[in-house]
Amino acid sequence: RVRNVMARAENAWRKIEQVAQLRQMEEMRQKIERDPLTGLYGRESFCRRAASLLRQGGDGRYAIVCFDISFFKVLNDLFGMEMGNLVLRTVGAYLRHVADGFGLAGRITADRFVLAVPEAAVRVDTILHGLDDAVASLSIPHRIQFYAGVYRADDPTLPIEEMCDCANMALTSVKGSQHRQSAVYDERMQEKIRDEQMIRRE
């Protein structure tokens, strides 16, 4: 009986250890996959999960949308990193809300964010207005402008990194503009960048 009691106690202890190990592994996985500041997916985990999402997309076409905060470094210099981090967390929370249930949200660099969402379900102008309103609620005495670049994922087998690069090209084409906050990628952008690079080299 004593041996049986001891065996049961040992089994129970092993189960507790296993649960603790699984919990620890899950916490480590979350830390690796998630950006610690915003809770969004980091670049690598976003690309991996977005590739899977697009392959399972069925008939609906997805879009990769990159967002950038204009003059973010100026914001940090004027008001400190704590204020900058508050803006990043606010943007992250809003984009996570936008993607909830049907897409993915990630943070790929310091002030650059990305969404993978069904094209039919999302209007970029609406998201940009939502970002403006979310950050305006922080009452920062400094104008913060958001820009977006869109890549329509016609070929879901294309690497997500390349899709993000294309969305970033579209973003770069409007960044700093006073008249437009978003652009959709097309082949002419690629040609223009190649021409500019050739001119610089020459």
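The values are calculated or read from the model by the stated rules, or taken from the named source; none is laboratory data. Everything numeric here is computed off the predicted structure, so don't read it as measured data. Cβ coordinates were reconstructed from backbone atoms using ideal geometry, including for glycine residues, and neighbour counts include every protein chain displayed. In case anyone asks, the SASA skips ligands and DNA or RNA and just uses the protein heavy atoms, side chains included. Shrake-Rupley method; radii C 1.70, N 1.55, O 1.52, S 1.80 Å.
Select from the stretch 10-38 the residues that are of a type in the set (Val, Ile, Thr) and modelled with pLDDT of 75 or more and write down the one among them that is surrounded by the most Cβ atoms within 10 Å (Cβ to Cβ). Don't jump to the end; show me each part of the working.
First pass over the stretch 10-38, keeping only residues of a type in the set (Val, Ile, Thr): 16, 19, 32, 38.
Now narrow it down to the ones that are modelled with pLDDT of 75 or more: 16, 38.
Working: Ile16: 10, Thr38: 21.
So the residue we want is Thr38.
Can you confirm whether the stretch 69-84 contains a residue that is part of a helix (DSSP H, G or I), open to solvent by 10 Å² or more (accessible area, probe 1.4 Å), in contact with a helix residue (DSSP H, G or I) (Cβ under 6 Å, 6 or more places away or on another chain) and touching a residue at least 12 places away in the same chain (Cβ under 8 Å)? No, because not a single residue in the stretch 69-84 is part of a helix (DSSP H, G or I), open to solvent by 10 Å² or more (accessible area, probe 1.4 Å), in contact with a helix residue (DSSP H, G or I) (Cβ under 6 Å, 6 or more places away or on another chain) and touching a residue at least 12 places away in the same chain (Cβ under 8 Å). Number of residues in the stretch 127-185 that are open to solvent by 70 Å² or more (accessible area, probe 1.4 Å), within 18 Å of the chain's Cα centre (by Cα) and either of a type in the set (A, V, I, L, M) or on the phi > 0 side of the Ramachandran plot (or both): the value is 0. Of the residues in the stretch 85-97, not one is modelled with pLDDT of 90 or more, open to solvent by less than 50 Å² (accessible area, probe 1.4 Å) and under 23 Å from Asp186 (Cβ atoms). Taking the stretch 186-202 as the range and being within 22 Å of Asp155 (Cβ to Cβ) and either hydrophobic (A, V, I, L, M, F, W, C) or at pLDDT 75 or above (or both) as the test, the residues that pass are Asp186, Glu187, Arg188, Met189, Glu191, Ile193.
Listed by position, the strands (runs of 3 or more DSSP E) enclosed by the stretch 97-178 that each have at least 3 residues that are without any contact (Cβ under 8 Å) to a residue 60 or more places away in the chain are 112-118.
Determine whether the stretch 189-196 contains at least one residue that is under 17 Å from the mean Cα position of the chain (by Cα), β-branched (Val, Ile, Thr), surrounded by 10 or more Cβ atoms within 10 Å (Cβ to Cβ) and assigned to a helix (DSSP H, G or I). Break it down into steps so the answer makes sense when it comes.
Filtering the stretch 189-196 for residues under 17 Å from the mean Cα position of the chain (by Cα) gives none.
Looking for residues that are under 17 Å from the mean Cα position of the chain (by Cα), β-branched (Val, Ile, Thr), surrounded by 10 or more Cβ atoms within 10 Å (Cβ to Cβ) and assigned to a helix (DSSP H, G or I), one finds none in the stretch 189-196, hence no.
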